[in-house]
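The structure appears right after this line, and notes come after that.
The values are calculated or read from the model by the stated rules, or taken from the named source; none is laboratory data. Just so we're clear, the structure is a prediction, and the values are computed from it rather than from any experiment. Cβ placement follows ideal geometry from the backbone for every residue including glycine, while neighbour counts extend to all protein chains displayed. Side chains are part of the model used for accessible areas, which takes the heavy atoms of the whole protein and leaves out ligands, DNA and RNA. Shrake-Rupley method; radii C 1.70, N 1.55, O 1.52, S 1.80 Å.
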Amino acid sequence: MEQCPHCYRPCSFPNVNAALRPEETDALKKRYDDALASAEAAGTDGDLLDYQAAVGNSEAVISRSFSELQRLSYSEDEVYATFYQRVDAGLRLSGGDAWDRIRSIADTALFGERNKRKIRFASLTLDGHGLPHYGDCSLVLREEMIAHRSTVFEENSVMFMEHHGMSADDGYAVPAGYRAAWGERGELAAAKAAGTLAGQLDASQYSDLLQHGGKDEKADHFVEVHIWGSLTIRSIERVSIRSWHHVAPSDAELQVVREKLALVDVVLDIP
């Protein structure tokens, strides 16, 4: 809850509270210790620790379409809305397909029915780029705007539910040890990587180990970021566009967006 129901003083952010519960931190520490012990036995502990340090300086990125970037750049009053807020406002159809139904169950299991409507999803990046399936524009968020209200999660929450056999039989209980506060994102990534780290690893491979796109959204590999509350253009540090997978905007459209972003000190890097 955002306020204590008894004195109504403000509480911390619900997703951060959940990640800091003793059962979560203890379980993550055990996973991390096991990962380090396994790496030591294989002689790759130095690589794992270097990777952990690199991810400790990673950023949060959201991939979106150019039209969404245009909307956000138009005014500081434009807010990046969640999927549920857009559906509730009648601005988007829920779809009703299997993916949407499973996503709703996974989000409710992680955050609760009410809280899931206030979570913005991002991913961790080391190269400033996001996942291409979600849009051509990678919006890299300002750490000082999100660190205090963000948590990280092992993978796509829908795929996590499938991989861990969460079902109605156990009340869709989320296993402990797979989420962490923002400051522990390096430890979470290291614990995750231990299962896939084979042989030596050099720094050029860190980015792909942390995040890479698959043939579709379900096959994407990444560490998910959960951000509580609203985001605006002021929450963004820079925008990176690697290539145009969809129809490229005109030079005039790009110039207008570049100028608007410059007014709020957001850098636009385009191909």
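Quick rundown of the values:
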item	result
Positions within segment 236-269 being among the polar types (S, T, N, Q) and open to solvent by 20 Å² or more (accessible area, probe 1.4 Å), in sequence order	SER243, SER250, GLN255
Residue in segment 219-228 that is open to solvent by 20 Å² or more (accessible area, probe 1.4 Å), of a type outside the set (Val, Ile, Thr), in a strand (DSSP E or B) and within 16 Å of GLU68 (Cα to Cα) present	no
Qualifying positions in segment 3-47 - under 18 Å from ALA109 (Cα atoms) and assigned to a loop (DSSP other than H, G, I, E, B)	PHE13, LEU20, ARG21
Selection within segment 175-211 - at pLDDT 95 or above, part of a loop (DSSP other than H, G, I, E, B) and of a type in the set (Gly, Ala, Ser)	ALA176, GLY177
Leading residue by the ranking (most open to solvent (accessible area, probe 1.4 Å)) among those in segment 130-154 that are in a helix (DSSP H, G or I) and out of contact with any Phe, Trp or Tyr (no Cβ under 6 Å at 6 or more places or on another chain)	GLU144
Conditions (1) aliphatic (A, V, I, L, M); (2) without any contact (Cβ under 8 Å) to a residue 60 or more places away in the chain; (3) surrounded by fewer than 17 Cβ atoms within 10 Å (Cβ to Cβ): number failed by ALA173	(2)
Residue, surrounded by the most Cβ atoms within 10 Å (Cβ to Cβ), within segment 49-68, restricted to residues that are touching a Ser or Thr at 6+ places or on another chain (Cβ under 9 Å) and not in a strand (DSSP E or B)	SER58
